[in-house]
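Read through the structure below, which is laid out as structure tokens, and then see the notes.
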Amino acid sequence: MIVLATCSLGALASGEPVTVLYNDQVIAVERTLADPNDLWVIPADLPRVNGFELKPEGACLAELCVPVLQDRDSEMFVTRANQAWFNVTALARRLEQPYTADHDHRVWSFGEIPVTRTQFLHSAMAPDFELPNRKGQLVRLSDFRGKKVLLVTWASW
Amino acid sequence: MYDELQDQNFEIIAVAQDTLGDAAAKEWYDAADPSYTALIDTTHRVSSLYNFVNVPSAAWIDEEGRVVRINEGTYSQVLSLGQATFGTDEYRPAVIDWATNGAASAYVWSQDQVVDKIRRRTSDEALAEPTFKLGVYFYERDEARARSYWERAQALSPDSWNFHRQDWNLTEGLGGPKYREKRGGLGDKDYYAPLELAPRATTSAR
């Protein structure tokens, strides 16, 4: 039995460290499962990878929870050698979040999560963001709540 | 313009959208010495969030954080950055009217109008966003690789001038032949979303 169990690990052995690009962050992730198509991380890394947290009821972002069975293996969740692994790309597909990867350098790049965009797309609420000013201090749009703001993009090109 | 409106509870946030960061924006910001809020956006974050496809683009955001105008292409001396002035003079009076009169301004749109005006992305255009960001990530490390992702992003989202112009700027300098060729080939497509500056109809009994 142990031998068989070990064999089934073959397809999902320990993987190399990866870099995740999401929400303007460059996130180094040390622990992954080797999988040519999907990105698996340990649940403890999930919050810094995409803002979600794995709870008993599922993978949750604020009010939104995607149910995840955790007493058995599934597309989104597996247990190997007592270590739980979460499939970030399977969650992205479920949420229709666009992503792409550079497999040579193991860089995964994720786009916006549509369900987090409904306040903007359907209720015209301004998406918040945080960017550095010229001194490198971070400024948030929501710092200006209570004022009228003209937000303008421009470029030197 | 900003100085005369500072008492109106009004703020201009200028976002320099450039992969080279302050190095690229410096010359312009220095020349203008902006007293407004000047931010640096190396990954085109704001365009990604607000579905903008060109610069300059703008959104008006009210005191409660609601967008009350969005996605129009011509923004004149609203932003005089050094010698750069954008577009026409028409936009400036509209902004002043809003800054002064707030929600009562005839230039403020309803929620439905704003929602209708927000640019929608196809699934390919949505995929172009993380693809473009891969290019930004690789630009400092491996320029050829960066370029291949930018070209892919352009193919996925051919109407995004942001993706084209950032790439061409770093490849062949400002306003190069690719820019002129693509702009010349627009046909009936808009380079900028048109301004709709007719004030909202008011029920005025005269």
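Of note:
Every residue, every condition in (1) more than 9 Å from every other protein chain (Cβ to nearest Cβ); (2) over 16 Å from the mean Cα position of the chain (by Cα); (3) at pLDDT below 90; (4) part of a strand (DSSP E or B), yes or no:
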| position | (1), (2), (3), (4) |
| --- | --- |
| B:THR74 | yes, no, yes, no |
| B:ASP89 | yes, yes, yes, no |
| B:PRO93 | yes, yes, yes, no |
| B:ASN101 | yes, yes, no, no |
| B:TRP109 | no, yes, no, no |
| B:ASP112 | no, yes, no, no |
| B:ASP116 | yes, yes, no, no |
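- Selection within the stretch B:120-155: residues that are of a type in the set (Lys, Arg) and buried (at least 16 other Cβ atoms within 10 Å of the Cβ). The member of this set that is farthest from the other protein chains (Cβ to nearest Cβ) is B:ARG147.
- From the list A:ARG93, A:ARG72, A:ARG117, the lone residue that is in a loop (DSSP other than H, G, I, E, B), without any contact (Cβ under 8 Å) to a residue 12 or more places away in the chain and surrounded by fewer than 18 Cβ atoms within 10 Å (Cβ to Cβ) is A:ARG72.
- Selection from the stretch B:51-67 of residues that are more than 9 Å from the chain's Cα centre (by Cα) and surrounded by fewer than 24 Cβ atoms within 10 Å (Cβ to Cβ): B:ASN51, B:ASP62, B:GLU63, B:GLU64, B:GLY65, B:ARG66
- So B:TYR2, is it modelled with pLDDT under 90 and either outside the structural domain of B:ASN162 (by TED's automatic domain parsing) or not aliphatic (A, V, I, L, M) (or both): yes
- Restricting the first member to the stretch B:45-71 and to residues that are under 18 Å from B:PRO158 (Cα atoms), and the second to residues that are modelled with pLDDT of 90 or more and of a type in the set (Gly, Ala, Ser), the beta-carbon pairs closer than 6 Å and six or more apart or on different chains are B:TYR50/B:ALA59.
- Looking across the stretch B:28-47 at every residue that is part of a helix (DSSP H, G or I) and more than 7 Å from chain A (Cβ to nearest Cβ), the one that is modelled with the lowest pLDDT is identified as B:ALA32.
- Contact annotation: residue pairs with Cβ atoms under 7 Å, 6 or more positions apart or on different chains, pairing a residue in the stretch A:134-157 that is more than 7 Å from chain B (Cβ to nearest Cβ) and part of a strand (DSSP E or B) with a partner that is surrounded by 15 or more Cβ atoms within 10 Å (Cβ to Cβ) and not aliphatic (A, V, I, L, M), are A:LEU138/A:PRO132.
The values are calculated or read from the model by the stated rules, or taken from the named source; none is laboratory data. Because the structure is a prediction, the values reported are computed rather than measured. Cβ atoms come from the backbone with ideal geometry, glycine included; neighbour counts cover every protein chain shown.
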